[in-house]
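K.L.:
Quick one: the structure is below, questions incoming.
The values are calculated or read from the model by the stated rules, or taken from the named source; none is laboratory data. Computed from a predicted structure; not experimentally measured. Neighbour counts are summed over all protein chains in view; Cβ atoms, including those assigned to glycine, are modelled from backbone coordinates with ideal geometry. We work out accessible area using only protein heavy atoms, side chains counted, and drop any ligands, DNA or RNA first. Shrake-Rupley method; radii C 1.70, N 1.55, O 1.52, S 1.80 Å.
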Amino acid sequence: MLADDEDLIRGALAALLTLEPDLTVVGEAADSERAVEVAMRTRPDLAVLDLEMPPGDGLQAATAIRARLGIPVVLVTRHARPAVLRRALAAGIGGFVPKTTPAARLAEIIRAVHGGGRYVDPEIAASALSENDCPLTARELEILAVVRGGAPIAEIAAALHLAPGTVRNYLSVVMGKLGADTRHAAAHRAWVEGWI
C-alpha cells in the first residue's frame, strides 16, 4: 500500500509500481491517519509511506502499522533528517529513501525489504553519521513538540503540567539556543532537524 499526501506523486508511483510484474498496489491513502486505516483494511505485505504526511507524520503511521500488522515499511522523504532516520531504524523501519529515487530502484528496494533486508540511502546514512548533536534538553524538546501542534501557551502549560510563566521561560531559552525569532520558528527548526 502507498501513502502520500501529494496526489500526483502517489498516483504516479502507484502506476509505475503496478507495471512491475510482481508488485500490486492494494491501497492508497492521502494522510497519516488514513494510511493506518487503509493498511488495516487491505492487509498489505509492505507499506510505502511518505514521511511528511499530516496530520501526524509517516513515522507515526509506520509505527502504528508495524505494531498492528507487523509488516515491513519503507519511508520516502523529500527532506531526509538524520535524527528521524535514527528513530525510524529504532522503530524497525525497513527502508528509508529520498523521493528522488527512481521507481525501478524503489521496486528493487521494496523487494529487498520485503525479503527481510534493510535499505538506507547512502547520502542519508552519511548525513546521519555527521549530524550535530541537539542542543536542547528533553524537556525543551517536549515543549516544542506541543508548540508544533499550534497550541497557545496556556494549553502547552496545561498539557505538560507547568505554569504558563515556566513555559515562557523555557521557550525564551530555546529560542536563544536556536536563534529563532518565535516559538513556532523554534519548533519548526527542531522538526526540520529531526529532534521532535
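K.L.:
Pick from 77, 63, 137 the residue whose mean-square fluctuation is largest in a GNM of the chain, springs joining Cα atoms under 10 Å.
P.N.:
137
K.L.:
Return one whole number: the accessible area per residue of the chain in Å², for a 1.4 Å probe. Could you put the intermediate results ahead of the total?
P.N.:
Details: 9760 Å² over 196 residues.
That works out to 50 Å² per residue.
K.L.:
Between residue 6 and residue 148, 0.36 nm times their residue separation minus their Cα-Cα distance comes to what?
P.N.:
Contour length minus Cα-Cα distance gives 49.0 nm.
K.L.:
Another question about this same structure. Relative to 2.2 N^0.38 Å, what does the C-alpha radius of gyration of region 122-196 come to as a ratio? Two decimals please.
P.N.:
Numbers: Rg = 13.3 Å, N = 75, 2.2 N^0.38 = 11.3 Å.
Relative to the 2.2 N^0.38 Å estimate, region 122-196 comes out at 1.17.
K.L.:
Still on this structure: Which length gain, in nm to one decimal place, applies between residue 155 and residue 14 when the Cα-Cα distance is subtracted from 0.36 nm times their residue separation?
P.N.:
46.7 nm
K.L.:
Based on Cα positions only, what radius of gyration and what Dmax would you give for the chain, in angstroms?
P.N.:
In order Rg, Dmax, the Cα atoms of the chain give 18.3, 60 Å.
K.L.:
Taking the Cβ of residue 65 as the centre, find all other residues whose Cβ is under 15 Å away and add up their charges (Lys, Arg: +1; Asp, Glu: -1). Walk me through the intermediate numbers first.
P.N.:
Values: positive: 34, 41, 43, 66, 68; negative: 4, 28, 31, 33, 37, 45, 50, 57.
Net of charged neighbours comes to -3.
K.L.:
Can you grab the distance from the C-alpha centre of region 46-72 to the C-alpha centre of region 10-34, Å, no decimals?
P.N.:
If we compute the Cα centre of each part, the gap is 14 Å.
K.L.:
I need the semi-axes of the equivalent ellipsoid of region 20-110: take the C-alpha gyration tensor, multiply each eigenvalue by 5, square-root it, list largest first in whole angstrom.
P.N.:
18, 17, 12
K.L.:
About its Cα centre, how strong a charge dipole does the chain have in debye, to the nearest 20, once Lys and Arg get +1 and Asp and Glu get -1 at the Cβ?
P.N.:
Once rounded to the nearest 20, the dipole reads 480 debye.
K.L.:
May I pose another question? Apply the a/c threshold of 1.5 to the C-alpha gyration tensor of region 1-72 and tell me whether it is rounded, prolate or oblate.
P.N.:
Because a/c hits 1.5 or more and a/b fails to exceed b/c, region 1-72 counts as oblate.
K.L.:
Report in % the part of the accessible area of region 1-63 that belongs to carbon and sulfur, leaving out ligands and nucleic acids; probe 1.4 Å.
P.N.:
Looking at region 1-63 in its full context, I get 55 percent from C and S.
K.L.:
Could you list which residues have their amide H under 5 Å from that of residue 28, counting only those 5 or more apart in sequence or on another chain, with H placed in the peptide plane?
P.N.:
Result for residue 28 returns 2.
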